[in-house]
Amino acid sequence: MARIDGQLIFLTTSPRTPEKMIPEIDLLIKKFCGQKWNYDTQCKFMEVMREEQFFNGQGANDPSFSARDRINRAPKSLGFVTLSPTISLTPAGEHLLSSKRKDEIFLRQMLKFQLPSPYHKPTAKAATYCIRPYLEMLRLVRRMGTLKFDELQIFGMQLTNWHDFEKIVRKIEVFREAKAENTGSYRVFKTTYLNKELKKIFNDRIKRGETKTRESNDASLTKFLQTQSSNMRDYADACFRYLRITGLVNVSHIGKSLSIVPERMNDVDYILRNVDRNPVQIEDEKTYISYLGNPSTPSLLTDNREMLEHKLQVEFPDVEIPTSATLEDLKDRLAILLERRKEETINEQISAIKDYRLYDDIQNTFEQISSNNLYDAPLMLEWNTWRAMTMLDGGNIKANLNFDDFGRPLSTASGNMSDIVCDYGDYKVCVEVTMACGQRQYEMEGEPVTRHLGKIKTSSGKPCYCLFIAPSINEACIAHFYTLHHLNLAMYGGTSTIIPLPLQIFRKMVEDSYKADYIPNPDHVRRFFEKSQELAQNSSSEVEWYNKITETALHWLDT
């Protein structure tokens, strides 16, 4: 049980990307089901995690804490696993691991997440909690039409009791009016407005002089407000990401806002009409676990046969519905049709990309990524690089990121695979991208990138190369990838040809492809990697090699 003593809404923030809990829950159950969840099993879990190819972290400083951070938060709080008296999978967890309709599983569990609960009990100092957070945030998006990230952060995170919903709506409306009248810097306006709200929220605590936080010994009001602002931002970010996995909302990466998917408006309205806004009154943890782990509740629009048939007829009018089909048959039929529509949409995008019709859009998106003007820059970098690689040359270019039902990027690739895999027939190229910089770039990407390349070599039996793209390249990554050109390591399938390129250099390669008076072919790509091998053998240091290969990239079609 966790004690909550805050004045803001509480949401699960780990894992940051909800899909990533799926392989981790699977691993936990396969390796530790029936065992006690204690310091020993927590440390062993992190040892196994480090060995698994879907995990890009270390968790070495405090493995027990790292394990609890990954399992005790969302997997437990959303009712997928139980950890007492021993580790076990709930019926909802079983559905999460086995169902094709994972968005539906996440949605049901998120709608049941509530404050207070036997898992999360407020202290005497805490706000008065009476809310199902995800339900009310969904209602807020529906009510406002479009909800900006800043509005969710400043006002949505204040909604600890659903009875205050109208008050929060009015606050957002007043904020929008003040924003429209503001003629100065929006950043200054936002910070001033946020600090004013924080001083109201924490008025009693500030008066008592209790401004020291766990994160710092600095007890100044300025530091206190910065910490609370950061907390609000983390919760708002988690809300964005978790709502997105339900398939009910669109995320505008440019506008940094949420809106209801038009085709899912009826689904949302059904939820808002039928799901009780009050938390269930259950004090006993065992009874609460049974309630939370039920994969069939609450009821969704797709549980109503009449409404489900209507949805099928509206979205797929050419499809006949057999009278003998069960409700589950209809749900499976809908899932298949949505997947087929998604594939068709993506194929249409690919055709437009290969015809260079989207060249300007691709370059503009890279510019927005570089300027940090998009909500989820890592996701957009992965998606846009896939588009660029598709346009760059021939071959079968596969993005391992997740797309929503309408072919829009939903979440980044899981950790057990390359971000993008390019199959050119007699050889392959994997592409890895990251927004990480500095030493963190090397710590996060160095070994996994090499491991992914080795995995593709082993599985394909073909020559394989790798392109590593980031806004800037850390010196440790340059040294690491240079060394791998020389080291014959069996675990990585021999020597590894990995070329690190700054995003600006890669954009120039895309530009050259667009401007060429012929269509570049896979041989141009292969010669670029072979040139890297040649330069690595003839360079006296990683610096010399890196400088020469980036210079080569600027004229890669002449290689």
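Dividing the mean sequence gap of close Cα pairs (under 8 Å, 6+ apart) by how many residues segment 38-197 holds gives a relative contact order of 11 percent. Report note on the peptides 17-28, 264-275: ranked by the mean count of other C-beta atoms within 10 Å, highest first, their order is 17-28, 264-275. Simple spin-label estimate for His555 and Leu221 gives 6.3 nm between the two label positions (7 Å along the Cα-to-Cβ direction from each Cα). A crude spin-label estimate for the pair Thr297 and Asn347, with each label 7 Å from Cα along the Cβ direction, gives 4.3 nm.
Counting only protein heavy atoms and a 1.4 Å probe, the chain has 45 square angstrom of accessible area per residue.
Put the Cα centre of segment 222-258 next to the Cα centre of segment 79-102 and the gap is 26 Å.
Here segment 430-481 exposes an accessible surface that is 55 percent carbon and sulfur, computed with a 1.4 Å probe and the other protein chains kept in place.
How much of the accessible area of segment 118-242, probe 1.4 Å, is carbon plus sulfur, in whole percent?
Details: 2850 of 6090 Å².
Percent of accessible area from carbon and sulfur atoms in segment 118-242: 47.
What separates the Cα centres of segment 435-469 and segment 523-559 is a distance of 18 Å. Taken along its principal axes, the alpha carbon cloud of segment 391-454 reaches lengths of 34, 33, 21 Å, longest axis first.
For the peptides 172-182, 41-51, residues were scored by their other Cβ atoms within 10 Å and the scores averaged per peptide; the highest-first order is 41-51, 172-182. Each of Lys515 and Thr287 was given a label point 7 Å from its Cα along the Cα-to-Cβ line. The distance between the two points is 7.3 nm. Seen from Thr90, the other residues with C-beta closer than 14 Å to its C-beta sum to a net charge of +1, counting Lys and Arg as +1 and Asp and Glu as -1.
For percent of Cα pairs over 37 Å apart, computed directly from the structure shown, the correct entry in (i) 39; (ii) 24; (iii) 48 is (i).
For the chain, calculate the relative contact order in percent as a whole number, restricting contacts to Cα pairs under 8 Å that are 6 or more residues apart. Please list the in-between numbers first.
Details: 784 pairs, mean separation 66.2, N = 559.
For the chain, the relative contact order is 12 percent.
Given a cut-off of 22 Å, name the pairs among Lys31/Lys121; Lys354/Lys508; Lys311/Lys398; Lys148/Lys398; Lys76/Lys121 whose C-alpha atoms lie farther apart than that in the structure shown. Beyond 22 Å: Lys31/Lys121; Lys311/Lys398; Lys148/Lys398.
The values are calculated or read from the model by the stated rules, or taken from the named source; none is laboratory data. Just so it is clear, the structure is predicted and the values come from calculations on it, not from any experiment. Cβ: placed from backbone, ideal geometry, glycine included. Neighbour counts: every protein chain shown. Quick note on the areas: whole protein, heavy atoms, side chains included, nothing else; ligands and nucleic acids left out. Shrake-Rupley method; radii C 1.70, N 1.55, O 1.52, S 1.80 Å.
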